[in-house]
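These notes are about the structure you will find just below.
Please treat every number below as a calculation from the coordinates, not as lab data. Remember, predicted model here, so these are calculated numbers, not experimental data. Here the Cβ is made from the backbone with ideal geometry for all residues, glycine too, and neighbour counts use every protein chain on show.
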Amino acid sequence: MTRRTVSAGALVMAAALALAGCGGSDSGESGPELSVGAAYMPQPVSDSMAAGFLVVTNKGGDGDRLTSVTSDVAGEVTLHTTSGQAMSEADGLDVPAGGRLVLESGGDHLMFEKLKRRPKEGDRVSLELHFTKSGPIDVEMPVKSATYRPAASTKSHH
Amino acid sequence: MRKKTYAVAALLTAAALTLSACGSGDDSGNAVAEVSAETGSDRAATVLDKPFEKPDLVLTDTHGKEYDLREQTAGRPTLIYFGYTNCPDVCPLTMNNIAVAKKQLDRDKRLSQAEKDSLRIVFVTTDPERDTPSALGKWLKGIDPDAVGLTGSFATIQAGARTLGISIEAPKKEKDGKVVSMHGTQVIAFNPKTDGGYVLYGEDATVDDYTEDLPELIRGEKP
């Protein structure tokens with residue numbers, strides 16, 4: 001009797017999963033599913049510019065694209081890609097389906113210009129990220145020391 | 001052990017993704033690949049078998065005065081980095097790493113004050129048009145007011161960098177008027193005993209790397 005109950009339970013669960021899983025694809029609404037983490041700004045040297053880093057994770061089945069960023073602290077926030085020793089401004093940065101957009105020191109990053117104040121370690125900077133498909137995402141970015149490095153392990157985790 | 005834990009977690013994640021994705025099974029491959037992407041970090045310092053000769057650079061410092069690199073830094077432990085001040089990420093990080101490490105020397109009991117004072121940190125701009133002496137001075141004040149900031153003609157700076165194996169191109173103006181500059185990828189430490197550039201640090205060098213190595217570099221020893 002007990003065994004039967006268990007297997008029946010399993011069957012029900014499997015059915016539920018199948019239902020839940022396929023409901024999404026039936027309606028074709030998988031879409032991007034974004035979340036933002038690991039955000040920080042190293043305390044900038046002067047009040048003229050600052051950099052910012054974060055990771056956008058997309059658990060959805062559809063890609064998206066970060067197109068612009070606004071912040072309370074800067075007159076202008078631009079997206080930058082780094083190739084080798086030079087960086088250049090980008091119109092947008094892709095967040096692949098089931099993947100991540102990683103903005104990290106030495107790589108792609110946000111550049112804050114026309115700063116309204118010089119962010120200090122311990123401050124928080126407010127950002128709004130804008131995407132092609134998903135709605136805007138608000139991010140509270142902590143200001144860390146000028147030499148802050150996220151733990152190496154963050155690169156391999158989600 | 002850690003690796004094993006990741007593998008199990010990855011497997012679980014992959015399984016979870018397969019269940020929830022329903023039909024987009026190709027995505028789960030990404031999640032597994034990511035976990036093993038991290039590589040171990042090597043030591044930051046590279047000691048050269050054949051040291052670089054100190055470049056014969058005569059430039060302008062942050063006070064607008066002529067600065068002869070060889071003359072001014074002869075017999076002194078010297079760190080040289082090529083970058084520019086309109087650089088939000090790597091340039092300030094590199095200079096701050098060195099500056100913070102230098103500050104921590106104050107607590108070092110093994111070195112005399114004279115030894116600590118002998119250290120020279122030299123920042124040579126790769127964007128001399130925008131990095132005037134005063135712009136350099138303002139920027140370095142926020143990092144280490146004692147650091148030497150040098151500017152001059154780009155051709156001179158480029159040639160000096162080249163003798164150290166550092167390749168930089170002149171800043172370029174994009175269509176929208178923004179200037180794209182390049183920074184060097186390495187910090188070079190010069191030996192006070194020989195004036196040869198004998199240790200290289202890449203961009204991954206941290207405050208701790210410099211803090212650990214500065215006492216040796218100041219004494220012209222191998223870190």
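Summary of computed values
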read-out	value
Beta bridges by DSSP in the stretch B:45-218, antiparallel share as percent, to the nearest 5	65
Within the stretch A:34-155: Cβ-based charge dipole about Cα centre, in debye rounded to nearest 20 (Lys, Arg +1; Asp, Glu -1)	360
Cα-centred dipole magnitude for the stretch B:45-218, charges only on beta-carbon of K, R (+1) and D, E (-1), debye, nearest 20	300
In the stretch A:34-155, lysine pairs closer than 21 Å at Cα, eight or more apart or cross-chain	6
Footprinting exposure proxy for B:Asp49, B:Asp213, A:Asp94 (fewest neighbouring C-beta atoms within 10 Å first)	B:Asp49, A:Asp94, B:Asp213
Partners for B:Lys54 among lysines (Cα-Cα distance below 26 Å; same-chain residues under 8 apart left out)	B:Lys65, B:Lys102, B:Lys103, B:Lys116, B:Lys141, B:Lys193, B:Lys222
Spread of Cα-to-Cα distances over 10 Å intervals beginning at zero, given as percent, for the stretch B:137-214	14, 35, 41, 9, 1
Candidate aspartates and glutamates - alpha carbon under 15 Å from B:Lys175, same-chain residues fewer than 8 apart omitted	A:Glu89, A:Asp91
Charge sum, other residues only, whose C-beta stays under 15 Å from B:Val100's C-beta, Lys/Arg counted +1 and Asp/Glu -1	-3
Estimated FRET transfer efficiency (A:Asp123, A:Ala90; beta-carbon r; R0 25 Å; 0.05)	0.40
